[in-house]
Amino acid sequence: MRTVRCLVMTGLFVLVVGGPGELLAADLQIPSELKKNFQGMPGSKTLEERLEELEQKQRVADRLRELDQQREDRLAKEALVVGADQNGVFLRSANRAFELRFAGYAQVGGRFFFGDTTQSSVTNTFEVRRFRPILRGTLYRYISFKLMPDFGQGQVRLMDGYIGFDYWPALRLRAGKFKPPVSLERLQSSADIMFIERGLTENLVPNRDIGVQLFGDLIENRLAYQVGVFNGVRDDTSTTGGSITGFDSNNDKDYTVRLFAQPFLGTDVEWLQRATGGSERYLGPG
């Protein structure tokens with residue numbers, strides 16, 4: 001500020017004493033020390049220097065935004081998602097690599113007989129036919145599991161309990177206790193059938209069994225297959241080998257093969273999409 005004041009006073013003095021004509025000469029005779037002071041003052045940067053400074057600030061700002069976005073993406077992947085849909089209540093990671101799902105259903109019925117009900121085998125009664133909580137989930141995206149007990153009819157039974165590996169849709173593995181691939185109606189969930197009780201033909205096929213199964217979908221889901229090896233159970237039962245404990249009581253095993261085709265799936269004709277065909281092979285002991 002002292003330098004500026006000196007220059008202003010010098011200019012005014014020349015203007016008053018010497019007139020406009022001598023102002024130019026005085027300006028040309030500014031000491032070199034004053035010129036150096038002016039060059040070092042703020043605002044004296046060149047255009048290139050200012051552009052370089054702005055570009056540096058922009059690069060820093062862009063990098064900060066990139067780091068913030070990476071942090072938000074990392075937090076989003078680690079966050080848990082809680083929700084519900086038609087398949088139950090779920091708790092899962094944002095990338096769906098881990099999931100835990102809770103569901104279940106109950107079916108209540110009654111049996112009433114007309115006429116003489118004094119016989120011990122004939123009783124008018126209500127009953128909880130099925131009461132089945134369901135716990136299923138996914139681990140590391142490709143490992144699946146299901147646990148479904150049944151508390152109906154005054155008993156506690158394990159209906160489904162298995163683990164699977166589902167890396168390839170065309171080749172999946174399942175091991176544990178589940179439905180063998182026999183009978184189309186049996187493979188339907190009891191929550192999806194019209195009546196509480198199944199048809200009498202289901203008394204001729206196994207209910208659940210313990211074993212290992214390979215299965216998958218081919219040709220854009222138009223052909224499904226199942227191949228399994230099981231301990232073997234009596235028809236319409238879930239008890240392996242006739243043992244209450246569930247252990248196999250003999251060395252024989254049951255082998256099952258099933259093919260199920262939907263050749264018109266994905267066509268424009270809606271009624272043709274429901275056309276199906278299948279073949280099953282069930283080989284029991286003996």
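Going by how many other beta carbons lie within 10 Å of each one, how would you line up ASP68, ASP160, fewest first?
By the 10 Å Cβ count, ascending, the order reads ASP68, ASP160.
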### Query
On full extension of the chain, what length is gained from ARG222 through ILE163, given 0.36 nm per residue of separation minus the C-alpha to C-alpha distance?
18.7 nm
### Summary
Rounded to 0.05, the calculated FRET efficiency for the beta carbons of GLU185 and LEU265 at R₀ = 25 Å is 0.75
### Task
Once you have the Cα-Cα distance between ARG141 and ASN203, take 0.36 nm times their residue separation minus that, and quote the gain in nm to one decimal.
18.6 nm
### Message
Neighbour counts of other C-beta atoms within 10 Å: give me GLU48, GLU202 arranged from fewest to most.
### Response
GLU48, GLU202
#### Entry: Within-9-Å neighbourhood charge of LEU135 [Cβ basis; K, R +1; D, E -1]
+3
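Calculate, in nm to one decimal, what PHE112 and ARG71 gain on full extension: separation in residues at 0.36 nm each, minus their alpha carbon distance. Don't skip to the end; give the middle numbers.
Working: separation 41, 0.36 × 41 = 14.76 nm, distance 6.52 nm.
So the extension gain works out to 8.2 nm.
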### Task
Note down the net charge around GLY216, summing +1 for each Lys or Arg and -1 for each Asp or Glu among other residues with Cβ under 13 Å from its Cβ.
+1
### Message
Give me PHE165, PHE126 sorted ascending by neighbouring Cβ count inside 10 Å, so fewest comes first.
### Response
PHE126, PHE165
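No lab work stands behind these numbers, since they all come straight from the coordinates. The model shown is predicted, which means the values in this text are computed figures rather than measured ones. FYI the Cβ positions are ideal-geometry reconstructions off the backbone, even for glycines, and counts take in every protein chain you see.
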